[in-house]
Each structure stands twice: as structure tokens, then as C-alpha cells.
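Encoded as C-alpha cells, the structure appears first; notes follow it.
The values are calculated or read from the model by the stated rules, or taken from the named source; none is laboratory data. Note that this is a predicted model, so its numbers are computed, not measured. Please note: Cβ atoms are built from the backbone with ideal geometry, for glycine as well, and neighbour counts cover all protein chains shown.
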Amino acid sequence: MNVVMVGTGYVGLVSGACFAELGANVDCVDKDKNKIDKLRAGEIPIYEPGLENLVERNYKAGRLKFTSKLQDVVKTADLVFIAVGTPSRRGDGHADLKFVYDAAEEFANNLRNYTVVVDKSTVPVGTASQVKRIIEKINPNANFDIASNPEFLREGSAIEDFMSPSRVVLGVDNERAIGPLKKLYEPLNLSSERLLITDLESAELIKYSSNAFLATKISFINELTALAEETGANIDDVAQGMGLDYRIGNQFLKVGPGFGGSCFPKDTIALIRMSQENEVSSRIVEAVIEVNAAQKARMVKKIRESLGGKAMDKTIAILGLTFKPETDDMRDAPSLSIIPALLDKGANIRAHDPQGMEQAKQLLPKSVKYFKEIYSAAENADAVVLMTEWSQYISLDMDLLRSKMKGSAFIDLRNLYHPEEMRKLGFDYFSIGRP
């Protein structure tokens, strides 16, 4: 099958490479010619485990190509996936659909044979129908159907998620579109329980609803950490006890400094805006966003309290900058809120991250100092803050770390270490929601 993937961002590049791995002929398209040249040269613009090898293997095999000429490749396509960005629109938080509609307008006149046009981007309910109207207006004779195929890829494990999906959702308004889509996914041998065929609107809402619910679980357990600290309960035990109930499950009940990334922040806001447009309430999702912001602020307070209530002239080593491990994504990472707040209080920040430092340099104040080596970042630090649970931080040489530090405060915002063991090693240890 001939597949065109419009957009070579995170979703487009991963999905395009994976479809090629399944045997399809895939043209990944991007307007940025410099980006296309780099991809052809084997330079991957994002960090995702396994992606570089996957792209290289399928590019060499001729199944995966990169081009900036969208109109040319659409002419022979069986399926055209729109996988461009839908960032939050400035001013109101709505999903900005400019790039989605621009893509549809650009290729509409070049549809030749029967083609299924698929929204892969995360888009509000009604977007697929609007894309259909745009194409029909520009090219009334186009032989096509519209579909929605939301992605559920977790950064850091995207390839595994694509190849062994929990579910594949296909939203269609014409049964004719089901055949090409099922054929494309056929190599995955999906069971009927993992393949959901529904209408366009339901498919679009499933994506937002899923992300909002997962964000709710994170904010719920994070909000409970304050109560656990006041009552002497252990939030890790509370989360484990909750997770043992199969109706709740243990995923996304891990405490931390708040959620971030490319999906949860913008998708929760977009869901609220959709609700407002349709004059219905979204009080739970609104509370989720409020709790997440409050959690980040509470982490700043926790760090200051570990230093005696003041951050002025204190040197703080930050371990982990990205919103989660195994990605270089800094979008809405808690560090982007916490570090500037500490700097405003007069702290000196020394930072380390295995993959995110180059992006962080573009987003954080220039006064932050970066170190390629973990223990160098901790040199003469009054406190170490473990912000992101990278594997490199799970088994630190604590004797070496303590010897590098000037102070003794260790603030574990991911509850990776055991309080008693850390205190025996000479640290003033602070975690979230534990005695």
C-alpha cells in the first residue's frame, strides 16, 4: 500500500517508520526542506529509543522516503495521514487546527484514485468532517473518504506501543474506508477486542477523553500527597493499595512534581474549550489542571523548606529536566515552572539531563548551568533535586554524590529512594507524601 504521512514530527515520523516496517510504502512529507535533508542523511530530530535504527532500516530498504513535495506523492496514495501539530492556540487554549486545514487545502486537488484521508493528529470533535468539507469544496470530483485514527503513543516507548497496541481506533463515516485501513494494520494481527471501528466524532473524543482521564489519575494521587504528609500516611502504600483493585489499576498512580509533555496539558485545556463551546461543564478536568499547577508550586515550597525556608544564594543541582524519562521532550515539563521559581528566589541552578539539555537551553533562563556528568552537577551543591526518573538516577553512587555536595539536602520528587536508607547515608532526605 502507498501511504503518505503529512508531517514528520513525533507522531508522523514514528507512525511512518512503523507503517514501513509493516510493509507499506511510506512517503513522509514536511515543508521544512532542511529537516527532510537531515532525515535523508540519517539525522533524527527527536530522541525516541529504537527510532533511529527503524528509520535507517526502512529507508535503506526503500519502503520509507522523505520529501517536501506533498502534491506529487498524494497522486499515487492509497491513504493520506494528516499528522501535523495541533498546539494550543494562543489566547484561548483551543487546539490550533491551522496546519491540519492547510495540509488538506494543499493536497485536495492532487487526489487521483480512491484515497482514504486520515486524521492522525489529535483534533477536536468535528475536525474530520471539516477536513472533508474543505477537500470537497476545492475538488468536488475527488474520490475519497475521511477517517479518524487517533494515536496512543507514549514517548519513550512509542515503537512498542505502535507494534503492540492496546487498541487501534478507526473512526469512519463510510464503510468503504474500513477496508484500506484494516489492510494497513493487518500485519499486527489485531484481535477484535483491540480494534474498535466507530464514527468520526467518537474516535476524536476517545483520544481527548483518554488523556484527560490519565491526567486525572496523576492529579488525584498528587493531591493526596499533601494529606498523606499531614496525617503521617505513606502515599506509596496508598497508591499500591488502590492499584491492586483491578477496577482502578496501578498505572498513573505514581507521585511526582506534576504532569507535562506534548499531550496532557494541551489536551485537557482543549477538552475544556470544547465543553465550553457546547455549553456543558467540565469541572473535573478543570480541577485536574488546577491541581497540577498547585503541585508544581508545592514542589518549589518543599525545596525551599529543605534549605531552611530560603533559596537565596543556595546552589541546587537538578537531576532531570524532561517531563519524563526516555525522551528529549521539554514541553510543559515541571522543570520549566520549578527552576525559574527557584531562580527568582535567588538560587543558583546546576542541571543535568541525559537527553534534554539542548532543548532546555532554549527554554530556561540563561543563568542555569548545565553539566554532562551527574556528579559534576552536584559539585558544592547545597541540595540535590531529583526531578525526572531517568534510569541513570535510580542507582546513584550516593557516597560519591554526598562527597561532592556542600550541603546534605536530597529532595526526591519521584520517591525513588528509601527514606531511612538515605538518612543513614548522611542525607537530609525529603520525598513526596511519605514520613
Where residue 331 falls short, out of the listed (1) assigned to a loop (DSSP other than H, G, I, E, B); (2) in contact (Cβ under 8 Å) with a residue 24 or more places away in the chain; (3) farther than 18 Å from residue 46 by Cβ:
(3)
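Residue by residue, here is whether (1) buried (at least 17 other Cβ atoms within 10 Å of the Cβ); (2) among the polar types (S, T, N, Q); (3) at pLDDT 95 or above; (4) in contact with a Gly (Cβ under 7 Å, 6 or more places away or on another chain) holds:
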{"position": "280", "(1), (2), (3), (4)": "no, no, yes, no"}
{"position": "286", "(1), (2), (3), (4)": "no, no, yes, no"}
{"position": "290", "(1), (2), (3), (4)": "no, no, yes, no"}
{"position": "298", "(1), (2), (3), (4)": "yes, no, yes, no"}
{"position": "319", "(1), (2), (3), (4)": "yes, no, yes, no"}
{"position": "324", "(1), (2), (3), (4)": "yes, no, yes, yes"}
{"position": "333", "(1), (2), (3), (4)": "yes, no, yes, yes"}
{"position": "339", "(1), (2), (3), (4)": "yes, no, yes, no"}
Given the conditions (1) part of a helix (DSSP H, G or I); (2) among the small types (Gly, Ala, Ser); (3) within 21 Å of residue 88 (Cα to Cα), and given that residue 228 satisfies all but one, which numbered condition is not satisfied?
(3)
Given the conditions (1) among the basic types (Lys, Arg); (2) assigned by TED's automatic domain parsing to the domain that holds residue 268; (3) in contact (Cβ under 8 Å) with a residue 40 or more places away in the chain, and given that residue 183 satisfies all but one, which numbered condition is not satisfied?
(2)
List the pairs whose first member sits in segment 357-380 and is farther than 18 Å from residue 328 by Cα and assigned to a loop (DSSP other than H, G, I, E, B), whose second member is modelled with pLDDT of 95 or more and among the basic types (Lys, Arg), and whose Cβ atoms are under 7 Å apart, counting only residues at least 6 apart or on separate chains?
378/404; 379/404; 380/406
Return the total of residues in segment 69-96 being modelled with pLDDT of 95 or more and buried (at least 16 other Cβ atoms within 10 Å of the Cβ).
11
Residues of segment 279-293 being more than 15 Å from residue 92 (Cβ to Cβ) and outside any helix (DSSP H, G or I), which ones?
279, 280, 281
Identify all residues within segment 312-326 that are part of a loop (DSSP other than H, G, I, E, B) and farther than 12 Å from residue 389 by Cβ; write none if there are none.
312, 313, 314, 321
So how many residues does segment 412-429 have that are closer than 13 Å to residue 255 by Cβ and surrounded by 17 or more Cβ atoms within 10 Å (Cβ to Cβ)?
4
Sole miss for residue 239 among (1) assigned to a helix (DSSP H, G or I); (2) without any contact (Cβ under 8 Å) to a residue 40 or more places away in the chain; (3) surrounded by fewer than 22 Cβ atoms within 10 Å (Cβ to Cβ); (4) of a type in the set (A, V, I, L, M, F, W, C) is condition (3)
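Residue by residue, here is whether (1) of a type in the set (A, V, I, L, M); (2) at pLDDT below 95; (3) touching a helix residue (DSSP H, G or I) at 6+ places or on another chain (Cβ under 8 Å) holds:
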{"position": "163", "(1), (2), (3)": "yes, no, yes"}
{"position": "175", "(1), (2), (3)": "no, no, no"}
{"position": "182", "(1), (2), (3)": "no, no, no"}
{"position": "191", "(1), (2), (3)": "no, yes, no"}
{"position": "197", "(1), (2), (3)": "yes, no, yes"}
{"position": "221", "(1), (2), (3)": "yes, no, yes"}
{"position": "233", "(1), (2), (3)": "yes, no, yes"}
{"position": "241", "(1), (2), (3)": "no, no, no"}
{"position": "247", "(1), (2), (3)": "no, no, no"}
Return the residues of segment 377-411 that are within 27 Å of residue 155 (Cβ to Cβ), surrounded by fewer than 16 Cβ atoms within 10 Å (Cβ to Cβ) and in contact with a helix residue (DSSP H, G or I) (Cβ under 9 Å, 6 or more places away or on another chain); say none if nothing qualifies.
392
When every residue in segment 135-178 that is aliphatic (A, V, I, L, M) and touching a residue at least 40 places away in the same chain (Cβ under 8 Å) is compared, the one surrounded by the fewest Cβ atoms within 10 Å (Cβ to Cβ) is 163
Anything in segment 242-259 that is among the aliphatic types (A, V, I, L, M) and buried (at least 18 other Cβ atoms within 10 Å of the Cβ)? List them, or say none.
253, 255
Any chance segment 203-225 includes a residue that's surrounded by fewer than 21 Cβ atoms within 10 Å (Cβ to Cβ), part of a helix (DSSP H, G or I) and touching a strand residue (DSSP E or B) at 6+ places or on another chain (Cβ under 9 Å)?
yes
